[in-house]
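The values are calculated or read from the model by the stated rules, or taken from the named source; none is laboratory data. This is a predicted model, so every value here is computed, not measured. Using ideal geometry, Cβ is built from the backbone for each residue, glycine included, and neighbour counts are taken over all protein chains shown.
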Amino acid sequence: MADDDPLGARVGRASTRGAQLAFDDLGVPLEEASFVVVDLETTGGRPAPNSIADIGAVRVRGGETLGEFATLVDPGEPIPAFITALTGITTAMALSAPRIGEVLPSFMEFLGPGPDTVLVAHNAAFDVGHLRAACAGLGMAWPKVRVLDTVKLARRVFTRDEAPNVKLSTLARVCRATVSPTHRALDDARATVDVLHAMLARLGPLGVTHLEDLASAADPVPARRRGKAHLAEGLPHSPGVYRFIGPAGDVLYVGTSANVHRRVRQYFTAAETRRRIAEMVDLAVRVEAKPTATVLEAGVLELRDIARLDPPYNRRSRRPDRLPWLVLTEEAHPRLSITRAVLLDRVADALGPFPSQAQARKAARLVADDCRLRTCTARLPAIPRARVRACHLCELGRCSAPCVDAEGARRAPQEAAAILAGACDGLWKRQTARLAALAELERFEQAGAQRDRLGAVLAAQRRKERLLPLLLSREIVAARREGSGWQIAAIRYGRLAGTARAQAHPLCAAEALLAVAEAVGRPRLVGGAAHPEETELLASWLWSRDTRLIAVSGEVPVALPRRSAARFRVPGPQCGGEAACQADGGT
């Protein structure tokens, strides 16, 4: 999708190329927005570096004209006769005009792209296409600016009875424009300004008051939903958590944003495209908000609210309170067990947390098969009973059979314990060799199952390596650069104890934060202080490039192990050989 899609085509989504502003970044009232209305006359061909023959533009704000830009352009070739007949621009006129290399930098300066600027054109794809081609020919980057197409907007504003078509001449007549289009760039841009103002005047009573609301005009939402935009009034223009409240006073949905007011407004525009959330907005009767010092604190409070309130329209509210781990049982001949209660003192010897029970089962199957660990649930004596026969798994080579050979089976739980503790090198080599063998035999379905089991083990190990330093730390204090200031956080046993902001001297602000931060005692169980999702959110913040550690008091270093599972990348679905399977393996 092109970066200059018309208004409303990509509302609420960041550009995939980073060259276009999404409307969730634009919280600008229409009277404060700068509309640069542009029109071009060209040589009649496809967009090319020298296809522009005439540029006209008008900058308006709040209904007033702030400036105009107009010039002919020498395309470096004769003007076609049909273009001369349409526009009146002759080759002689163009020869005395500057080339596009002289004109375009001045036009870009006039455009002045910014968060409150919208480039407006009638049939914007045509004009912007030629401008982009000219920029490309000169080696100039296309600016970060939003585009509004008055053709598409007019189709929503006017009925067929009012305007049988959306030609500029027709709309200028319907809107009683003060300037008539003449197929000269400046005149047509002036006429487009009058058409734009007439359409905005019609949209104002319908609640279109901000740039975000124009998306609703280009892709309408039900009037009842748009009419609820007043629910955003009075909400903070700062980080925080917001809650949509239903008719019975129950919490329907919990969300978070760096700008609560702006984000909540988007729920009543075309920026919101999710069907279930639209249903939720229709049910809501009010919106509550709690401002926070930082975005990090808002994200943590959102997770806690979802866990505590179980709002029906939050998908994450259906996740279990505790996530599964893989441990060895405490008995004479251990086996693997999936549990949601792991002692904090034993967390280093457990593998997890897994996102689901199914993923934990995949990992357990691989570790048991790889180590030939018993999978039967019978409680075996330390010394095998006389005349006991091993089951079929022993004959298949998938069990070390402690029921008949206690001494020979002692190695299996030791190898399994090493894998749970993080020693994955041997498992990686053996499993990738199995994958290569299965691929060679074209047993791709079986290879896929084995690949998924390996992925479950390595993903859980990587997650544990990131969370373990936080889970075992009495206190971590860190600061992250945010604009001209700092965002400071205190983390205790994987739980956010408090946050603060500082414009300067983060150390002083950190000392003040610790004096008021929440006291968190060492929990008995993993997740006793905070849900693993909260700890993982804190870990992501802590491991970001701009975060700096101020103080650490913990049982393990805040660092990845030297032989981390992060060295390995699980082969993809198209793995077709040993080389492909082992391409990113560690040594």
Scan of segment 226-256 for residues that are more than 26 Å from the chain's Cα centre (by Cα) and of a type in the set (Gly, Ala, Ser), ordered by number
Gly227, Gly234, Gly246, Ala248, Gly249
Given the condition without any contact (Cβ under 8 Å) to a residue 40 or more places away in the chain, surrounded by fewer than 20 Cβ atoms within 10 Å (Cβ to Cβ) and within 23 Å of Glu41 (Cα to Cα), answer yes or no: does some residue in segment 154-163 qualify?
no
List every residue pair whose Cβ atoms sit under 9 Å apart, with the two residues 6 or more apart in sequence or on different chains, where the first one lies in segment 101-119 and is within 11 Å of Ser34 (Cα to Cα) and the second, anywhere, is among the polar types (S, T, N, Q) and modelled with pLDDT under 95.
Leu111/Thr117; Gly112/Ser34; Gly114/Ser34; Asp116/Ser34; Thr117/Ser34; Val118/Ser34
Selection count where residues are under 25 Å from Gly76 (Cα atoms), surrounded by fewer than 21 Cβ atoms within 10 Å (Cβ to Cβ) and of a type in the set (Gly, Ala, Ser), scope segment 101-137
7
Note on segment 143-165: residues outside any helix (DSSP H, G or I) and of a type outside the set (Asp, Glu) are Pro143, Lys144, Val145, Arg146, Val147, Leu148, Phe158, Thr159, Arg160, Ala163, Pro164, Asn165
Pairs where the first residue, in segment 186-214, is part of a loop (DSSP other than H, G, I, E, B) and the second is buried (at least 24 other Cβ atoms within 10 Å of the Cβ) and of a type in the set (Gly, Ala, Ser), C-beta under 8 Å, 6+ apart
Gly207/Ser216; Val208/Ser216; Val208/Ala217
For segment 520-532, state whether one or more residues are modelled with pLDDT of 90 or more and within 25 Å of Gly455 (Cα to Cα).
yes
Condition met for Gln487 (more than 22 Å from Glu555 (Cα to Cα), touching a strand residue (DSSP E or B) at 6+ places or on another chain (Cβ under 7 Å) and modelled with pLDDT under 90)
no
For residues that are among the small types (Gly, Ala, Ser) and in contact with a Lys or Arg (Cβ under 6 Å, 6 or more places away or on another chain), scanning just segment 230-257, find the one that is nearest to Tyr313 (Cα to Cα).
Ser257
Residues satisfying the stated conditions in segment 75-104, i.e. closer than 11 Å to Thr43 by Cβ and in contact with a Lys or Arg (Cβ under 9 Å, 6 or more places away or on another chain):
Pro75, Gly76, Thr87, Ile89
Residues Ala509, Ala559, Ala580, Ala504: which one is farther than 22 Å from Leu420 by Cβ, at pLDDT 85 or above and either among the aliphatic types (A, V, I, L, M) or surrounded by 15 or more Cβ atoms within 10 Å (Cβ to Cβ) (or both)?
Ala509
Determine whether segment 260-276 contains at least one residue that is in contact with a helix residue (DSSP H, G or I) (Cβ under 8 Å, 6 or more places away or on another chain), aromatic (Phe, Trp, Tyr) and more than 30 Å from His122 (Cβ to Cβ).
yes
Evaluate the following for Ala217: is it within 22 Å of Asp116 (Cβ to Cβ) and modelled with pLDDT under 95?
yes
Ser337 fails exactly one of the following numbered conditions: (1) outside the structural domain of Asp452 (by TED's automatic domain parsing); (2) surrounded by fewer than 20 Cβ atoms within 10 Å (Cβ to Cβ); (3) of a type in the set (Gly, Ala, Ser). What is the number of that condition?
(1)
